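So the structure is just underneath, and the comments pick up after that.
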Amino acid sequence: MKDIPKIAGAVDHASEAGLSSEMGLVDGRARRVRQAPLLTKQAAWDAFKQSVVMLRPDIQWKNPVMFVVEVGVFLSILYMI
């Protein structure tokens, strides 16, 4: 591929978007570099544990909106039973 002359004031959107870091060169050919998964088993387990801890009423009391939602859910469950 020939070098294309840069136009004054032109922006290289690919490099700004970080696309060049996703591509690797092997024998002069572009190939995708494998990225780490966004959600791992350990990260999901840690998030689950933190979410259960956040359901404690003394923590929810600090956020009145979520406290009212938690009380509403509890009352709805009692009503359904």
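Could you say whether any residue in region 5-26 is charged (D, E, K, R) and modelled with pLDDT of 85 or more? Lay out the reasoning, then the answer.
Taking region 5-26 and keeping what is charged (D, E, K, R), we get 6, 12, 16, 22.
Applying the additional criterion that residues be modelled with pLDDT of 85 or more yields none.
No, there is no match, as no residue in region 5-26 is charged (D, E, K, R) and modelled with pLDDT of 85 or more.
In the set (1) loosely packed, with under 10 Cβ neighbours inside 10 Å; (2) at pLDDT below 70; (3) part of a helix (DSSP H, G or I), Y79 fails one condition alone, (2). Got a number for residues in region 50-63 being of a type outside the set (S, T, N, Q), surrounded by fewer than 10 Cβ atoms within 10 Å (Cβ to Cβ) and not in a loop (DSSP other than H, G, I, E, B)? Counting residues in region 50-63 that are of a type outside the set (S, T, N, Q), surrounded by fewer than 10 Cβ atoms within 10 Å (Cβ to Cβ) and not in a loop (DSSP other than H, G, I, E, B) gives 3.
The values are calculated or read from the model by the stated rules, or taken from the named source; none is laboratory data. Here the structure is a predicted model, which means the values were calculated and not measured. Here Cβ is always computed from backbone atoms with ideal geometry, including for glycine, and neighbour counts include all displayed protein chains.
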